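Chemist: Before I ask anything, let me first share the structure, which is written out below as structure tokens.
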Amino acid sequence: MLQDLRIGARMLVKQPGFTGIAVLTLALGIGATSAVFSLIQGVLLTPPPYDDPQRLVLIPPARLDGQQIGSERGWPPAQWMEWQKEAKSFESIAAYNWSFNFLVLPQGSESLEGMAVTRDYFRVAGLRPMLGRTFLPSETGPGRAPVIILGYSLWQRQFNGDPNIIGKTVRLSRQDTPPTVIGVMPPGIRFLPSPTNSQEPNYNVNGLVDFWRPAAPDPKGLKDPGWDVVGRLKPGVTLQQAQGELAVLAGREARADRDFEGVTPRLQSLTAEMNRDGGRILFPLLGAAALVLLIACGNAAALLLVRGLQRQQEYAVRTALGIGRLALVFQASVESLLLALMGGALGVGLAFGIVKMFKLIGGHAIPRLDAVTTGWPVLICGFGSAIFAALLAGLIPALRASRLDPAQVLKSAGPKSSAGRGERRLLRGVTMVQTALTLALLVGAGLLIRTMVNLSNVQSGFDTGHILTMSVTAVEGNWGDFHRRALERVAAVPGVQHSAFAWGVPLTGNNWPWAMNIEGQRAVNKIRDRISIPVRAATPDYFTLLGQTVSQGRGFRASDDDKAPKVAVVNQSMADRYFPHANPIGKKFWMFGDDQPPTQIIGVVSNGRTDDLTQAASPEVYLPLWQATAFSKHLVIKTTGDPRSVISAVQRELRSVDPTVAIENVKTLEQIRGDSLASRTFAMQLLVGFAIVGSVLTLVGIYGVLALSVASRRREIAIRTAVGAQRWDIRNLVFAEGFRLIAGGVVSGVAAALILSRVLKSFLFEVEPTDPATLILVGVLFAMVALLACWVPTRRATRVDPIEALRYE
């Protein structure tokens, strides 16, 4: 074995050009695959920090008829408290809510995300504090002294990891009595999905939890379906068994309260739900990276096969001297193993760099990307891929070496030994497979490029240029006074054209999905059939700032404050859906129950794709900010020049009004638009990169096959020339072989392209996975470029000297 390794290493050193090309080829495929696998390992395969997370299930409501429920709602306390008592499939059940607050600081406060949890929550999740304790039953009732458990990141960030933090108080906004710290959780704990709060401004299910506070739901809160529920299954209980039991209990509850008729629990695995968005983007990209690896292995196999042809005299002599076939196979495989290990080492280095690049460009595209590490996962995947590549690339050359007929090879010994028809046919097959896989990558990249072009042409219904946004929250003092003074100060900043405060800026995902009763539209079932419409809030200049027009009625005025009658502006989509044959101006709706004063529609504003650029405008309601009194909101500024040039001046003016004001998430509306398309942009960038690498490798493969074919057919070409064939005859002969090679790969690649494009369907917009224009255009362009790779071998064939070639042969 050691002797074979020394021989293999010496042969690689003797031909550095061959070695360098083979190693670089394999490194590209191994690096791409290892990097994507590292993302999958860090995002999808790393279990959440809970005890036995496979037994944790989320329990959201769903309609029995399969239709989408009216709004993202949870369960009332009376419902899940009944399950706590009756359900036998669960060890325990708990409820939670996403919570939001600010750590009040003298030089600018900081927003915090946390969870309000029932006392059983930590037992259900299997979480134990690293310092202190969890909540006691006596701390969950009303009127109790407030307590809080800190997240590890917040403890380190703002309290410098103080080991004596237990018993100290934390100054939070909106709380008269500062809560006392009773515990600190270990690092890495993230939120459980909270659909009831998913459209809040600072909601980030992939973020780290900053704090936990005790919740005390009202057991009689039948009309408060705002609680998310999680349960821990007993060992051996399946998801289907627990689903059936809760469905029976929910059906019994529905008979007692008709508002819950037709609604049932729909259990979801916690890990599956947390990995849903990440898997949607990462698994297709892993498939694309694997195609690049296969293409690289094909190139390496072709190089090794050609190298085997050059060494067949050596193999024949060894066989004649008595070496066994198995030993010869092993010896021929050692070289491919050494190449693969060298390619694996370089590929791992590339993977480390690629992962860092992923983190830079994919921060908004992949959930929990910050958890990805470039350690053992990259090493294991890289060298595992190297061994796979060695087997795949070296098997064919090794088997061919073992099948040599020593007598025949030695009889034809000399420099004329070259590839026969069998070898050329094998190389053509490998190259056709490479071409097919490359075409699949190119078609996928083409579809995503067309998607991004289509999205760039979408009429969003609002302006994005020269607009700056930032989250601004007054954590202390008079709410209304701060915002009015802040608008005056910001409007006076040089370069500011318009300014407004708004809750629910376009493409941030923020709005209130509010259940309401609309005049002439009454829901039969308040839970199942409730009308839920996104509600936003803004000050008077907001529509002008975004370039939206009020087509009917009027916009907001400064007089539409908390002392004036409640009014609203609706978009054209809402007017068309709920008042198709009537004037919506003057119509009313009720947001807080029929016994409360109604809100009157005073205007209709033009539609905008405010939630998602890929979706048509849906009904929306806008309230005057002075009547909505949103706690955390965006300051939106229209500037005459580069919006980033006014950031410092605006922040200075805001802090002159209130030094403790929280100013965060400073972005232009163009950046927000880019963030909303991050997953598509990331997928396109990676697939284009993989397609380029695959194309280069395949073009090199096509060139190599034709070059070897010309070298092997020198005598034939010489004879053809000697009997009168012209240069264009020789050119057509070689080009015809190249064309058949390329055409076969392109035709075979159509099927692979259709499979890959269907996997990408969720990323596409206004283009079908089977789009014929993309298939034809990509196929024709690749064929044209591939034919260019045939030019050098063809030119070499036309320059064969018949006399010299025949004498040489």
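Chemist: Answer yes if at least one residue in region 591-599 is at pLDDT 90 or above, open to solvent by less than 50 Å² (accessible area, probe 1.4 Å), farther than 30 Å from ALA678 by Cβ and under 41 Å from the mean Cα position of the chain (by Cα), and no otherwise.
Modeler: Yes - at least one qualifying residue is present in region 591-599.
Chemist: How about region 201-218: which of its residues are in a loop (DSSP other than H, G, I, E, B) and open to solvent by less than 50 Å² (accessible area, probe 1.4 Å)?
Modeler: If the condition is that a residue be in a loop (DSSP other than H, G, I, E, B) and open to solvent by less than 50 Å² (accessible area, probe 1.4 Å), then PRO201, ASN202, TYR203, VAL205, ASN206, GLY207, VAL209, ASP210, ALA215, PRO217 are the ones that fit.
Chemist: Of everything in region 451-487, what is polar (S, T, N, Q), under 22 Å from ARG655 (Cβ atoms) and open to solvent by 40 Å² or more (accessible area, probe 1.4 Å)? Give them in sequence order.
Modeler: ASN478
Chemist: Checking LEU192 against (1) open to solvent by less than 30 Å² (accessible area, probe 1.4 Å); (2) assigned to a loop (DSSP other than H, G, I, E, B); (3) out of contact with any Asp or Glu (no Cβ under 8 Å at 6 or more places or on another chain), which test does it fail?
Modeler: All conditions pass for LEU192, except number (3).
Chemist: Cβ-Cβ below 9 Å, separation at least six or inter-chain, first residue in region 778-791 and at pLDDT 85 or above, second not in a helix (DSSP H, G or I): which pairs?
Modeler: Pairs found: none.
Chemist: Okay, next question. Filter region 349-381 down to residues that are among the β-branched types (Val, Ile, Thr) and open to solvent by 30 Å² or more (accessible area, probe 1.4 Å) and give me whichever is modelled with the highest pLDDT.
Modeler: ILE354
Chemist: Here is a further query. I'd like the full set of residues that are modelled with pLDDT of 90 or more, assigned to a loop (DSSP other than H, G, I, E, B) and of a type outside the set (Gly, Ala, Ser), limited to region 524-550.
Modeler: Of everything in region 524-550, those that are modelled with pLDDT of 90 or more, assigned to a loop (DSSP other than H, G, I, E, B) and of a type outside the set (Gly, Ala, Ser) turn out to be THR539, PRO540, ASP541, GLN548, THR549.
Chemist: List every residue pair whose Cβ atoms sit under 9 Å apart, with the two residues 6 or more apart in sequence or on different chains, where the first one lies in region 732-759 and is more than 12 Å from GLY779 (Cβ to Cβ) and open to solvent by 30 Å² or more (accessible area, probe 1.4 Å) and the second, anywhere, is small (Gly, Ala, Ser) and outside any helix (DSSP H, G or I).
Modeler: Qualifying pairs under 9 Å: LEU733/ALA725.
Chemist: Now a separate question. Closer than 30 Å to GLY279 by Cβ and either in a helix (DSSP H, G or I) or of a type in the set (Lys, Arg) (or both): which single residue out of ARG720, ARG673 fits that description?
Modeler: After applying the criteria, what remains is ARG673.
Chemist: Let me ask something else about it. Could you tell me how many of the residues in region 551-572 are touching a helix residue (DSSP H, G or I) at 6+ places or on another chain (Cβ under 6 Å) and either open to solvent by less than 60 Å² (accessible area, probe 1.4 Å) or assigned to a strand (DSSP E or B) (or both)?
Modeler: 2
Chemist: Related question: Taking region 106-137 as the search range and keeping residues that are assigned to a strand (DSSP E or B) and of a type in the set (Asp, Glu), which one is farthest from PRO217 (Cα to Cα)?
Modeler: Going through the qualifying residues, I end up with GLU110.
Chemist: Follow-up. So which of ASP162, ASP176 ends up being part of a loop (DSSP other than H, G, I, E, B), open to solvent by 50 Å² or more (accessible area, probe 1.4 Å) and not polar (S, T, N, Q)?
Modeler: Selected residue: ASP176, the only one of ASP162, ASP176 that is part of a loop (DSSP other than H, G, I, E, B), open to solvent by 50 Å² or more (accessible area, probe 1.4 Å) and not polar (S, T, N, Q).
Chemist: Let me ask something else about it. What are the residues in region 600-609 that are assigned to a loop (DSSP other than H, G, I, E, B) and open to solvent by 40 Å² or more (accessible area, probe 1.4 Å), if any?
Modeler: Of everything in region 600-609, those that are assigned to a loop (DSSP other than H, G, I, E, B) and open to solvent by 40 Å² or more (accessible area, probe 1.4 Å) turn out to be ASN607, ARG609.
Chemist: Now for a separate question. Please tell me if ARG644 is open to solvent by 20 Å² or more (accessible area, probe 1.4 Å), closer than 30 Å to ASP562 by Cα, in contact with a strand residue (DSSP E or B) (Cβ under 9 Å, 6 or more places away or on another chain) and modelled with pLDDT of 85 or more.
Modeler: Judged against the criteria, ARG644 is not a match.
Chemist: May I pose another question? Quick check on region 33-48. Is at least one of its residues modelled with pLDDT of 75 or more, open to solvent by 30 Å² or more (accessible area, probe 1.4 Å) and under 30 Å from LEU303 (Cα atoms)?
Modeler: yes
Chemist: Return the residue satisfying two criteria in turn: it lies in region 138-158 and is crowded, with 20+ Cβ neighbours inside 10 Å and part of a helix (DSSP H, G or I), and of such residues it is farthest from the chain's Cα centre (by Cα).
Modeler: TRP155
Chemist: For region 490-515, how many residues are surrounded by 18 or more Cβ atoms within 10 Å (Cβ to Cβ), at pLDDT below 90 and of a type in the set (Phe, Trp, Tyr)?
Modeler: So the answer is 2.
Chemist: Give the residues of region 62-100 that are assigned to a strand (DSSP E or B) and modelled with pLDDT of 85 or more, sorted by residue number.
Modeler: Selection gives PHE90, GLU91, SER92, ILE93, ALA94, ALA95, TYR96, ASN97, TRP98, SER99, PHE100.
Chemist: ILE387: within 26 Å of the chain's Cα centre (by Cα), modelled with pLDDT of 70 or more, farther than 30 Å from ASN571 by Cβ and open to solvent by 10 Å² or more (accessible area, probe 1.4 Å), yes or no?
Modeler: The answer is no for ILE387.
Chemist: Can you name the residue in region 450-471 that is in contact with an Asp or Glu (Cβ under 6 Å, 6 or more places away or on another chain) and outside any helix (DSSP H, G or I) and, of all such residues, is nearest to VAL493 (Cα to Cα)?
Modeler: Only one residue tops the list, namely SER471.
Chemist: Just checking, does region 573-582 include any residue being under 16 Å from PHE501 (Cα atoms) and among the hydrophobic types (A, V, I, L, M, F, W, C)?
Modeler: no
Chemist: Could you go through region 616-629 and let me know if any residue there is touching a residue at least 24 places away in the same chain (Cβ under 8 Å), within 27 Å of LYS563 (Cα to Cα) and among the small types (Gly, Ala, Ser).
Modeler: yes
Chemist: So, one more: May I ask you to verify whether ALA440 is open to solvent by less than 60 Å² (accessible area, probe 1.4 Å), within 28 Å of ILE702 (Cα to Cα) and either basic (Lys, Arg) or at pLDDT below 70 (or both)?
Modeler: No: the conditions fail for ALA440.
Chemist: Of the residues ALA575, ALA630, only one is buried (at least 19 other Cβ atoms within 10 Å of the Cβ), in a helix (DSSP H, G or I), among the small types (Gly, Ala, Ser) and within 36 Å of the chain's Cα centre (by Cα); which?
Modeler: Sole residue among the options that is buried (at least 19 other Cβ atoms within 10 Å of the Cβ), in a helix (DSSP H, G or I), among the small types (Gly, Ala, Ser) and within 36 Å of the chain's Cα centre (by Cα): ALA575.
Chemist: I've got another one for you. What pairs come out if I take residues in region 127-153 that are over 26 Å from PRO48 (Cα atoms) and basic (Lys, Arg) and pair them with residues that are open to solvent by 40 Å² or more (accessible area, probe 1.4 Å) and at pLDDT below 90 whose C-beta lies under 8 Å away, six or more apart or interchain?
Modeler: ARG144/SER138
Chemist: Another question, if that's okay. Just for region 702-717: of the residues that are of a type in the set (A, V, I, L, M, F, W, C) and surrounded by fewer than 20 Cβ atoms within 10 Å (Cβ to Cβ), which one is modelled with the highest pLDDT?
Modeler: ALA707
Chemist: Hey, among MET591, MET574, which residue is of a type outside the set (Val, Ile, Thr) and without any contact (Cβ under 8 Å) to a residue 60 or more places away in the chain?
Modeler: MET574
Chemist: Here is a further query. Give me the pairs: first residue in region 434-452 and under 14 Å from PRO772 (Cα atoms) and in contact (Cβ under 8 Å) with a residue 12 or more places away in the chain, second residue open to solvent by 10 Å² or more (accessible area, probe 1.4 Å) and acidic (Asp, Glu), beta-carbon distance under 8 Å, and six or more apart or on different chains, which are they?
Modeler: Sorted first by the residue in region 434-452, then by its partner, the pairs are LEU447/ASP771; ARG450/ASP771.
The values are calculated or read from the model by the stated rules, or taken from the named source; none is laboratory data. These numbers were taken from a predicted model, which means no experiment stands behind them. Positions of Cβ are generated from backbone atoms using ideal geometry, with glycine treated the same way; all protein chains shown enter the neighbour counts. Note: accessible area is taken over every heavy atom of the protein model, side chains too, but ligands, DNA and RNA are not part of it. Shrake-Rupley method; radii C 1.70, N 1.55, O 1.52, S 1.80 Å.
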